[in-house]
Amino acid sequence: MRLLERMRKEWFMIGIVLVIAAAKLEPSVGVNGGPLKPEITVSYIAVATIFFNSGLSLKTEELTSALVHIKLHLFIQIFTLAFFPATIWLFLQLLSITPINEWLLKGLQTVGCMPPPVSSAVILTKAVGGNEAAAIFNSAFGSFLGIVITPLLLLLFLGSSSSVPFTSIFSQLFMTVVAPLIVGQIVRRYIKDWLERKKPPFGAISSSVLLMIIYTTFCDTFSNPNIDLDKFSLVLILFIIFSIQLSFMLLTFIFSTRNNSGFTPADTVAIIFCSTHKSLTLGIPMLKIVFAGHEHLSLISVPLLIYHPAQILLGSVLVPTIKSWMVSRQKKAQPRPLANSPPEGPGDLSVLFDY
């Protein structure tokens, strides 16, 4: 019973393994020109569906309520979309002399260029009890910025690898990302009450479509006999990704807890997760657009596919530790109660993952 419950909770991770295995067994089904016609169903319909779904689910009022924390937003966005990719680029200059597969290294650079996710950073911030409004704003605002900035960063760092002209990339981005997102927001205004009442499974819908995109991406890989992924490179990339995650989480913690930072402990929690998490839901479709037709697209996608579960795993493991730190800092900041005043209770710390 526990196994089934666990499988239901981790269905997306299991789905990634299954679609990659299915692509390996019969890659001809999902290649360009194959029965699924991914050049139409994935490149346009699937990607547009994900971003229309995002537009429907995004609560505009929650973004506007968090607008006042300008310093916090600047810190997160600059770290995510400037410091992160630039640091990865410098790191990769050292790794380029190693025998690690060059396309996996390029994939690491694409991870650095990605915007924050709309879900995991918010969920973990909420689990800790941090500044949830700030997490929601920066995840959503970062996704909007990422629509423009991420392709620019990909072209800046990996421009020579792309076979798609600059204008084609942005015209397709507008048609499949920007326009569906705007339409989703407009439709939301008219059916807002119904959405609040019914609470459609937006996350499950986007994740299901994303599995189709991952499947067709790996069909292209396995149908190409010239691509060979060595296990040594894969193990090293796995280790590097966990090291990057932990290092950047520690770095954001140090920066945001300095005496003159002006951030509260709850702000620090949002900063740690929003600054270091990267979006798979936005990332894979963007890679599909920017590197359309590239024979090594799936290898470039591998680090992002690894980074996604790594950030959730590390974040989940660290929730109790971060929460304990935040609660202790908040208690120190509170004024001492008077002698005749009743002591304050410890608060509800029982359920960490009730979301």
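The values are calculated or read from the model by the stated rules, or taken from the named source; none is laboratory data. In this text, all values refer to a predicted model and were calculated from it rather than measured experimentally. A quick note on method: Cβ atoms are made from the backbone with ideal geometry, for glycine too, and the neighbour counts reach across all protein chains shown. Heavy atoms of the whole protein, side chains included, go into the accessibility calculation; ligands, DNA and RNA do not. Shrake-Rupley method; radii C 1.70, N 1.55, O 1.52, S 1.80 Å.
Filtered by the rule that a residue be at pLDDT 80 or above and either surrounded by fewer than 14 Cβ atoms within 10 Å (Cβ to Cβ) or among the β-branched types (V, I, T) (or both), the stretch 313-355 gives V317, V319, P320, T321, I322, S324, V327, S328, K331. When you scan the stretch 255-265, do you find a residue that is part of a helix (DSSP H, G or I) and β-branched (V, I, T), even just one? Checking the stretch 255-265: not a single residue is part of a helix (DSSP H, G or I) and β-branched (V, I, T). V47 satisfies every condition listed in (1) open to solvent by less than 70 Å² (accessible area, probe 1.4 Å); (2) modelled with pLDDT under 80; (3) out of contact with any Pro (no Cβ under 6 Å at 6 or more places or on another chain) except (3). Candidates G130, G146: the one that is assigned to a helix (DSSP H, G or I), among the small types (G, A, S) and either open to solvent by 20 Å² or more (accessible area, probe 1.4 Å) or at pLDDT 80 or above (or both) is G146.
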